[in-house]
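The values are calculated or read from the model by the stated rules, or taken from the named source; none is laboratory data. Because the structure is a prediction, the values reported are computed rather than measured. Heads up, the Cβs are rebuilt from the backbone with ideal geometry, glycines too, and the neighbour counts pull from every protein chain shown. All accessible areas refer to the heavy atoms of the entire protein, side chains included, with ligands and DNA or RNA removed. Shrake-Rupley method; radii C 1.70, N 1.55, O 1.52, S 1.80 Å.
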Amino acid sequence: MEHVRESTAGSQGRMVKLFANHFRVVSQPQWIAYKYNVDYTPDIENGNVRESLLSQHEALLGKCRIFDGNSLLLPHRLPKPKTELVSKLKDDALVKVTIEFSSELTPSSPDRLRYYNVLFRKYLRQVGRNYYDDVKEFGLCHPHLTYSICRLEVWPGYITSILQYENDVTLCADVNHKLLRMETAYDVIMRIREDAKNKNLDVEKQVAKELVGSIVFTKFNNKTYRVDAINWKETPKTEFKKSDGTKITFVEYYKRQYNVQVTVLNQPLLISKGKWKKSQQDTPHEPIFLVPELCHLTGLTDTMRKDYRVMRDLATHMRLDPEKRQLKLKEFMDTMQQDKNVQKELQHWNFQFDTQFLSFSGRILKEVRIFQGKRAVRQFQNEWSRETRSGPLLSVKSLDNWLILYTKRNYGAAFSLMQSLRKVTPTMGIAMRDAKMIEVSDTVKSYVTVLEKHDSSNTQMVVCVLSSDRKAMYDGIKKYLCVNCPIPSQCVVAQTLDKPQTLMTIATKIAQQMNCKMGGALWKVQTGLQNAMFIGIDCFHDIVNRRKSIAGFVASINEDLTEWFSQCIFQESGQELVNGLRACLQEALKLWYERNSILPYSIIVYRDGVGDGQLQALIDYEIPQIVSSLESIFNAQNFKLTFIVVKKRINTRFFVQSQGRLRNPLPGTVVDVVLTRREWYDFFIISQSVKDGTVTPTHYNVIHDTVRLSPDTVQCLTYRLCHMYYNLPGVIRVPAPCHYAHKLAYLVGQSIHQVPHQSLSNRLFYL
C-alpha cells in the first residue's frame, strides 16, 4: 500500500522493552535443495512405516534428507528424475517406492521453511497440528468423580513454527497441553449399555448423544478425528475394499498396518467424515471408519468443567505465568541443544538457533477515555464496572411492559431478582415498572404456551428464571423468542441468584444487559474518525448441521457506535461468505442513511476467523465483491474501505521484565516491528489484562485500505474499539464489532439454527 510503503510502524505511546517466545535462526543452509515426490505401491498410510521403507535406501539418498510423509528434500540431485525402488515390510512383503523430481528450492524459497519445520519437529510426538512429549504425560484423577469419567492424561507439549519475519527467520515455540481421557469410545458404549439395564433407555440414541460431535484420538497413528455418526450394522469383522481393490476386514487391516490387535469383534464402528477443504468443496469425501476400542476421548466433559477442583488442578498444570513459561521453553531449547541426535540432524543442514528470547521495543498507548452520559468514566485496572453502576447510563430505555417467568420452586429467586432490580435501576437512570410475574412448568412447551398466552405487541422484555443450565431448555426458549415471537429476552439460572453477597452485582449486570437489548447504550469512546461505519464479520460452524456454517455480520449505524445492525447468513461448507454480504451491506447502509441523512464517508471492516492461508482468497475474491457491492450502492459517490483481518489464535507471546522477573505487558501494548511480516501491513495489540497465566496478544493485518489510515491511527482506533463491548465494563481481546459478530453467529449456530426475526436486527438481542 502506497501510504505505508516507507514504514508500517507507528510512533505514538511510551516505549517499552519487550521479549518474545521467539528464537533467532543464526545459521541456515545457503545451497539449492531438491524436492522429490514419493509414492508407495501398495499404499502405506502409517507415516513411520513410510519413513522406515525410505530409509532402507540410505546409500542412494544419503543421511542428509527431510521427509514429510509425501515428499523428500535433498541437498543433492539423484542420478535419475524418476527412481523406482523396492523396500521390505517387517513381514517381508514388498513395497515399490517411486521417487520423482518435483522442483529446485532456492535458499529464500518459502517452501524450504516448511521442511525446516518438519526437521525441527522430528523428535516430538505429533497430535493434530501440535507436538507433544509422550514421555512426560501425567495422570489426574479426583476421588469425588466417577473413575470412568475423571481420569485424564495431560500431555505437556510444544507448538513450534519457523517463519521469515521483518528482518530474521525465527523459531516461535510455545507450551501447549493435550487432554486425553483415559477411557475409550468403547468404554462409553459399555457404560451406557450397563445404565440401560436399569432404565428404559434407547442405547443407540444415548451413545449417539454422547459420542457424536466429540473428538477422539487414535494412539496407533497419533491422529484426531471428529465422530459424525455411529454405524451399528457393521463391526470390525466387516470387510472393506482397499485402494488396490483387495478386500480386508478391519481387524486384519489394523493388525497389518499398525500392529494393533482389535479384541472386541461385535462392537459398532464410528464414522468420521473428515475435514472439508475449500479446494475440495465439491468432492465427496469417503467416510473414515474407526474402531471404538482404539479411540480415546479428548477434552473435558460438562461434569469436569463444572467441578471446581478439577479445573483448579488443570489450571495449575496448564495456565503458566510468564516466568514458568520461560522456564519450560528454556528446558525445551536446552533439551534440543543437548540431544546429540537432534544436533547431528541440524548440523547436516547447517542449522543453528539462538537460545535466548528475542528482545525488541514496543509501545504502550495512552489510556482510552470512556464517556457515560456527560461524564468521563475513570478506569481502574482496565475495567470500570463500579463507575457504570454509580451514575446514569449513556442512553436508557424505560422498562414498562415486561414479564418474568419462573417455575414454582424458583419463585423466591425471581422475587429477589425483582427487588434487586428495583434498587439498582434508579441510580443508572432506568425507569422501571414491576414485571408481570408468571409461574410455568419446567418444560420448553410450558414456557412457549405461557408466552403465547401473555405476549402482546407492547411486551419489551422477557426474563426467564431457569431451574438449571440445561442446553435444551435454553435453546428452546431462545429459538421461540428470536424466531417465532421476536422479543428481547434474558435467561438466568436460579442458582446464580441464591448468593446474597453477589445478588446486587448480578442484578446490575442484568439491568444493563436488558437496557442494551432494548436499544439503550451504556458508554462510548471517541474513535477519532468522522462519519465512519464499523463492520464486524465472524463465522461459526453449526454443530447440528455439520455442513452448514453461519456468518455473523454486525455494522454500526450511528457515529457513536451505540446502535448496531445485525444479520446472519447461512451457507454451505466452503461457500464464500461474500455471496450473502450484498444484502447485509445494503440493509446496514439503508439504516445508517435513515439515522444520519448521509451515507458514511468510510467503512472499516474487521474480519475474524480467517487463517493466513486464506488471506489471498480474501484479497482476490471477497474484497473485490465487497467493493463491487459498495460501488452499486453508492452509485458513483466516493467511498473508502479498510479491511482488517483479526487473528486471535496465535502462538506468539510478549513479556516485560520487572524486578528481575518476566511479567505480562500492560494493556495497550503495541508491537509493529521485528515480528511483523515484510509483505504485510500488520501489528499486534495486547488490549486486555489477565489475572492468571500469560496474556495472548491479538494480531491485526490490514489487507486493503483506501481510507489510507496511518499506523498510529489504525492502532489507536483498534484499541479504542476493544472498549466498546457492552457485555463487559472492561477491555476485551478484539474490537467490539468482531465480538458482536461472534456472539450473533454463536447463538444462531449453537441454539437457534434458524435466521432470527428481522424485527430484532437493530437490537443487541444476542448479548
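What order do you get for 585-592, 619-626 when each peptide is scored by the mean count of other beta carbon atoms within 10 Å, highest first?
The packing order, highest mean first, is 585-592, 619-626.
Quick one: grab the alpha carbon gyration tensor of segment 396-518, order the square roots of its eigenvalues as a ≥ b ≥ c, and give me rounded if a/c is under 1.5, else prolate or oblate depending on whether a/b is larger than b/c.
Here segment 396-518 falls in the oblate category.
Using the Karplus curve 6.51 cos²θ - 1.76 cosθ + 1.60 with θ = phi - 60°, what ³J(HN,Hα) values do you get for each residue of segment 286-295, in whole Hz, with x for Gly and Pro?
In residue order, the calculated couplings are 6, x, 9, 9, 10, 8, x, 5, 9, 10 Hz.
Hey, could you get me the Stokes-Einstein D for the chain, Kirkwood radius over alpha-carbon pairs, 37 °C and 0.692 mPa s, rounded to whole µm² s⁻¹?
Diffusion coefficient, whole number: 111 µm²/s.
Taking H as built 1.01 Å from N, whose amide H comes closer than 5 Å to the amide H of M428, not counting residues under 5 places away?
The answer is none.
May I ask for the angle, rounded to the nearest 10°, between helix 322-338 and the longest principal axis of the chain, with both axes built from Cα atoms and the value confined to 0 to 90°?
Orientation of helix 322-338: about 10 degrees from the principal axis.
Excluding residues on the same chain fewer than 8 positions from K436, give the aspartates and glutamates whose Cα lies under 15 Å from its Cα.
Within the straight-line cut-off, K436 pairs with D400, E452, D455.
Going by average Cβ density within 10 Å per residue, which order do the peptides 552-559, 65-72 take, highest to lowest?
The most tightly packed comes first, giving 552-559, 65-72.
Express the relative contact order of segment 301-447 as a whole percentage, based on alpha carbon pairs under 8 Å and six or more residues apart in sequence.
17 percent
Of the cross-linked pairs K408/K499; K471/K499; K122/K233; K374/K499; K366/K743, which ones have a Cα-Cα span greater than 30 Å in the structure shown?
K122/K233; K374/K499
I'd like to compare 728-734, 363-369: which one has the highest average count of other Cβ atoms within 10 Å, and what's the full order after that?
Highest-to-lowest ranking by the protection proxy: 728-734, 363-369.
For the chain, calculate the relative contact order in percent as a whole number, restricting contacts to Cα pairs under 8 Å that are 6 or more residues apart.
14 percent
Between the helical axis of 411-424 and the dominant principal axis of the chain, each derived from Cα atoms, what acute angle in degrees is found, rounded to the nearest 10?
70 degrees
Would you calculate the convex hull of the Cα atoms in segment 328-382 and tell me its volume per residue in Å³?
In segment 328-382, the Cα convex hull volume per residue is 139 Å³.
Mind scanning K478/K691; K223/K478; K306/K509 and naming the pairs with a C-alpha gap bigger than 27 Å?
Going by Cα-Cα distance, K478/K691; K223/K478 fall outside the 27 Å limit.
Identify all aspartates and glutamates with a Cα-Cα distance to K80 below 18 Å; exclude those on the same chain that are fewer than 8 residues away in sequence.
K80 reaches D39, E58, E100, E104.
Hey, what do the phi angles of segment 347-358 turn into as Karplus ³J(HN,Hα) couplings, whole Hz, using 6.51/-1.76/1.60 and θ = phi - 60°, x for Gly and Pro?
Result, ordered by residue: 5, 4, 9, 6, 9, 9, 10, 5, 9, 9, 4, 5 Hz.
Quick one: with all protein chains in place, what share of the accessible area of the chain is carbon or sulfur, to the nearest percent (1.4 Å probe)?
Accessible surface attributable to carbon and sulfur in the chain totals 47 percent.
Give me a comma-separated list of calculated 3J(HN,Hα) values for segment 709-720, in order, Karplus coefficients 6.51, -1.76, 1.60 applied at θ = phi - 60°, integers in Hz, x for any Gly or Pro.
Listing the rounded values in order: 6, 6, x, 4, 5, 5, 5, 5, 4, 4, 5, 5 Hz.
Using a 1.4 angstrom probe, figure out how much accessible area the chain has per residue, in square angstrom, rounded to the nearest whole.
I get 48 Å² per residue for this part.
Considering amide H positions built from the backbone, and no H for Pro or chain starts, which residues 5 or more places from W384, or on another chain, come under 5 Å of its amide H?
G730
In whole percent, what relative contact order does segment 31-106 give with Cα contacts below 8 Å and a gap of six or more residues?
49 percent
Non-local amide H neighbours of T696 (under 5 Å, H modeled in plane, Pro and chain starts lacking H): which ones?
Amide H neighbours of T696, under 5 Å, 5+ apart: none.
Among S456, V673, V264, flag the residue with its Cα farthest along the positive direction of the charge dipole of the chain, charges on Cβ as +1 for Lys/Arg and -1 for Asp/Glu.
S456
Can you give the calculated 222 nm mean residue ellipticity of the chain, where each DSSP H run of n ≥ 4 adds -39,500 (n - 2.57) and the sum is split over every residue, rounded to the nearest 500 deg cm²/dmol?
So the calculated ellipticity at 222 nm is -8000 deg cm²/dmol.
Straight-line reach from K88: which lysines fall under 19 Å, measuring Cα to Cα and dropping same-chain residues less than 8 apart?
Partners within reach: K96, K255.
Place a +1 charge on the Cβ of each Lys and Arg in segment 671-767 and a -1 charge on the Cβ of each Asp and Glu, then give the dipole magnitude about the Cα centre in debye, rounded to the nearest 20.
Charge dipole, segment 671-767, about its Cα centre: 240 debye, nearest 20.
What's log10 of I(q)/I(0) for segment 296-389 at q = 0.17, 0.20 Å⁻¹, Debye sum over Cα points only, no solvent?
Debye output, listed in q order: -0.97, -1.01.
Express in % the proportion of alpha carbon pairs of segment 580-713 at distances exceeding 26 Å.
The share of Cα pairs beyond 26 Å in segment 580-713 comes to 38 percent.
Report the paramagnetic label zone for I32: residues of segment 61-84 whose backbone N is under 17 Å from a point 7 Å from Cα along the Cα-to-Cβ axis.
Label zone hits: 73-82.
Compute the semi-axes of the equivalent ellipsoid of segment 406-467, taking the square root of 5 times each eigenvalue of the Cα gyration tensor, and list them largest first in whole Å.
23, 16, 7
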